[in-house]
Amino acid sequence: MTANGVEGNMVYDILFVPRSEGKYTVPAVEFTYFDVQTDSYKTIRTKPFALTVDKGDGKNVSTSYESPKDNDIRGLKLGATKLHNIEQGFFFGSLAYWICLLLPLLTFIILLVLFRKRALDNADIIKMRGKKADKIARKRLKKAHQLMSQGKSDAFYDEVLRALWDYAGYRLNMPVEQLSRDNITESFASRQVAETHIDRFITALDECEYERYAPGDEAGNMEKTYSVAMTAITEIEGEMKKKH
């Protein structure tokens, strides 16, 4: 097509999808452009032409040109829009957002500290045995008190001696078979336990063995032995806990 001396070809590809048979007229199309040679706008027009649509063969009747394919560009969303204030009504940046963000981190730190402390405590065998010393001794003394109430003197003195030796073994982290009055005295002294408390503990060991065969009131001897042993363990345990 030539327009007013300006040579050029303009090609338009337009897809027509007839839906009914019949004769149709495609109207003229106008195109306005600026002519740089005449320094003015000009309009050119095509000629209308007739189009006859014959009856189809019935194939591809299910094809829909209105429904876009999955990979096609979708139409614009129409209808009223709702605007939100960026400072209100949004979860991001809110107090709940920061709590949800920081809570897992805080929980992780707390668990890390707790597990690390537990690991250090379990690794410290001396400290763990020291914590068991008083518990084991009092458990044995409780059993000894029951034996005393039942009048079983031999079993009573055996239980009190075990309470004293076991306490010293666990508290000093030494096997019971390696304990003696001398190394008990030296070990407690190295831990800065008062000399009076150490002497009372050694005295409790001596009196337990002595009272077992001492003549006189059997019930009174057991009561005295129990009291001395309980006092000796309580005094040393109290001082050891203060130092830790």
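Descriptive notes on the structure:
- Computed with a 1.4 Å probe over protein heavy atoms only, the accessible area of Phe31 comes to about 70 Å².
- When peptides 177-187, 33-43 are sorted by average Cβ neighbour count within 10 Å, with the highest value leading, the order is 177-187, 33-43.
- Each Cα pair under 8 Å and six or more residues apart adds its separation to the average, and for region 91-205 the resulting relative contact order is 20 percent.
- Of the peptides 227-236, 159-168, the order by per-residue mean of other Cβ atoms within 10 Å, starting with the highest, comes out as 159-168, 227-236.
- Three-way shape call for region 177-225 based on the alpha-carbon gyration tensor, with the a/c threshold at 1.5: prolate
- For region 96-244, accessible area per residue (1.4 Å probe, heavy atoms of protein chains only), Å²: 63 Å²
- Entries of Lys117/Lys242; Lys55/Lys77; Lys152/Lys241; Lys139/Lys224; Lys142/Lys242 with Cα pairs more than 30 Å apart: Lys55/Lys77; Lys152/Lys241
- Scattering profile of region 133-192 at q = 0.19, 0.24, 0.27 Å⁻¹ [log10 I(q)/I(0), Debye over alpha-carbon scatterers]: -0.68, -0.90, -1.01
- Value in Å of the Kirkwood radius, where region 149-244 supplies the Cα pairs that are averaged: 13.8 Å
- Debye intensity ratio in log₁₀ form over the Cα atoms of region 103-209, taken at each q of 0.15, 0.22 Å⁻¹: -0.72, -1.17
The values are calculated or read from the model by the stated rules, or taken from the named source; none is laboratory data. Worth saying up front: this structure is predicted, and the values here are computed from it rather than measured. As a convention, Cβ positions derive from the backbone with ideal geometry for all residues, glycine included, and neighbour counts pool all protein chains shown. Accessible surface areas use protein heavy atoms only, side chains included; no ligands, DNA or RNA. Shrake-Rupley method; radii C 1.70, N 1.55, O 1.52, S 1.80 Å.
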